[in-house]
1. Compute, for the stretch 334-469, the length of the dipole vector about the Cα centre, with Cβ point charges of +1 (Lys, Arg) and -1 (Asp, Glu) only. Units Debye, rounded to 20.
2. Separation of the stretch 54-127 and the stretch 258-282 by C-alpha centroid, Å?
3. At 1.306 mPa s and 10 °C, plugging the Kirkwood radius over alpha-carbon pairs of the stretch 330-407 into Stokes-Einstein gives what diffusion coefficient in µm²/s?
4. Using a simple spin-label model with points 7 Å from Cα along the Cα→Cβ vector, what separation in nm is obtained for Arg277 and Leu215?
5. What is the calculated FRET efficiency for Lys471 to Gln98, with r their C-beta to C-beta distance and R₀ = 51 Å, to the nearest 0.05?
6. Taking 0.36 nm per residue of separation and subtracting the Cα-Cα distance, what length does fully extending Ala198 through Arg42 add?
7. Based on Cβ point charges of +1 for Lys and Arg and -1 for Asp and Glu, what charge dipole magnitude is obtained for the chain about its Cα centre, in debye rounded to the nearest 20?
8. Please say if the stretch 55-378 is rounded, prolate or oblate, where rounded means a/c under 1.5 for a ≥ b ≥ c the square roots of the C-alpha gyration tensor eigenvalues, and otherwise the choice is prolate for a/b larger than b/c and oblate otherwise?
Amino acid sequence: MDFDIVIHDGEIATTEGTAKGCIGIKDGRIAAVAETIPGGARRIDAGGRIVMPGGIETHAHIAQESSSGVMTADDYLSGSISAAFGGNSSFIPFAAQQRGQSVDDVIATYDARGARSVIDYSYHLIISDPTEKVLHDELPRAFARGITSFKVFMTYDLMNIGDRGMLDILTVARDHGAITMVHAENNDMVKWMNARLADRGLTAPRYHAISRPELAEEEAINRAVQLAKLADASLFIVHVSTAGGAEIVRREQFNGAKLYAETCPQYLSLTRDDLDRPGMEGAKYICSPPLRDAGTQEALWHHIRMGTFVGVNSDHAPYRADATGKFLNGAEAPYPKISNGMPGIQLRLPWLFSEGVLKGRITLEQFVGLGSTNAARVFGCTTKGRIAPGMDADIAIWNPDTRYTVTVADQHDNMDYTPLEGAELTGRPEIVMTRGAVIVENGVLKATEGQGRFFGRAPVDDRARPGAPVKEFDPGQNFGTELR
Ligand code: DUC
Ligand code: ZN
Ligand code: ZN
């Protein structure tokens, strides 16, 4: 065959193992994987390099208004470019419904925003207003278009849909083969803590850590899982930040729940001490759930190693440290009025490679799974996340030896800080492709605006997570009632 590109002599890394080989690319797809492949209109020498499936970032807030109306600093152009420089060939940001808004309108809005992307993209829908029309008319239309995941909140008054709302959403999701993602923190526990801190005038950024207790996450994760089990639905816990939360996930997975979870680099690399930096510096480290402590970091690494988490995703939520973002409500705003979130889409994979693989905490194969392949399986990206004939040629070629110091000047997002400023890392992507098109090469952007395409996704593949029967839905044990 006459290949468009042949990548030769690289160490091809997959979740199954790593071996030297060549990849032939034709018409945007992987056409051959072999020990040697001759020819190719372009030959890329990957000697001494790691060749892996392009990253799939599944937790990013791009061109998204927060519930209080603050727009993220990145749109689909800057967000996707930054993602590409970090080794990602595709991403799945959120498309957020504001209360009262129709899902059709949400999707049309994000279609217009997404059109600027340089990498392929899909959306998880955030549902804040599960009306009958949303549940039974609009969500089925979204599923039909391949939007097979969405996120709900158990916290924030403007987003929290309550346990009943969650059961309704979980049931519709189950019926369509979709997966429900959840931000799990107990809203009343957080509000009660906020009130106690406010009564004492304790509003500096560091009190954010205290205001959202570990117990609030653990309680909500447990509740979310029980709700999902009752509905026999698939559930994905986003941004797990506590050892207790991870233990609940582990236990319930062992019991068979259709349960998946992720954690994020910030919970592995930063601590609550960062919220206590001088002046208002701590505001840059306000995210929810909040940063925890060194003991938690060790526990989360253990869970990553043991397979509790299918992904390590950035939760890129870029709000600049100025009046457009963090300080929209004033330079000395109390912590509850400072936008929640921090950037990280470009550094997610390089940081995980350097701190995880090179420091011996995870294997290269686990890295490929956590950064790409597992996401493709859980979120139904059927043509992405694997290096095999027929798959999209979404590929990242890494130099595992490059040493560098992280600085905001090298980030391609639209931010004025990086929480990892000064970190010493080793290894980064040199060439990144989406569907066979080189989008980044040796620090230079090769893509043009709008080159990325929307991709629809398949239903969640739960075959390895059977769920557990619920007595009250078993006609043999519930007086023959058909309730499902
Ligand atoms: N949850 C997120 O997932 N990201 C930013 C803020 C939040 O609460
Ligand atoms: Zn969240
Ligand atoms: Zn998020």
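A short reminder: the numbers here are calculations on the coordinates, not readings from a lab. The shown structure was predicted, so the numbers you read here are calculated from the model rather than taken from an experiment. All Cβ positions, even for glycine, are placed from backbone atoms using ideal geometry, and neighbour counts span all protein chains on display.
1. Dipole magnitude for the stretch 334-469 comes out near 540 debye.
2. Rounded to whole Å, the Cα centres lie 22 Å apart.
3. It diffuses with D of about 103 µm²/s by this estimate.
4. 3.1 nm
5. Details: r = 39 Å, r/R0 = 0.77.
E(calc), rounded to 0.05, equals 0.85.
6. Working: separation 156, 0.36 × 156 = 56.16 nm, distance 6.27 nm.
Net length gain for the segment: 49.9 nm.
7. Roughly 380 debye, rounded to the nearest 20.
8. rounded
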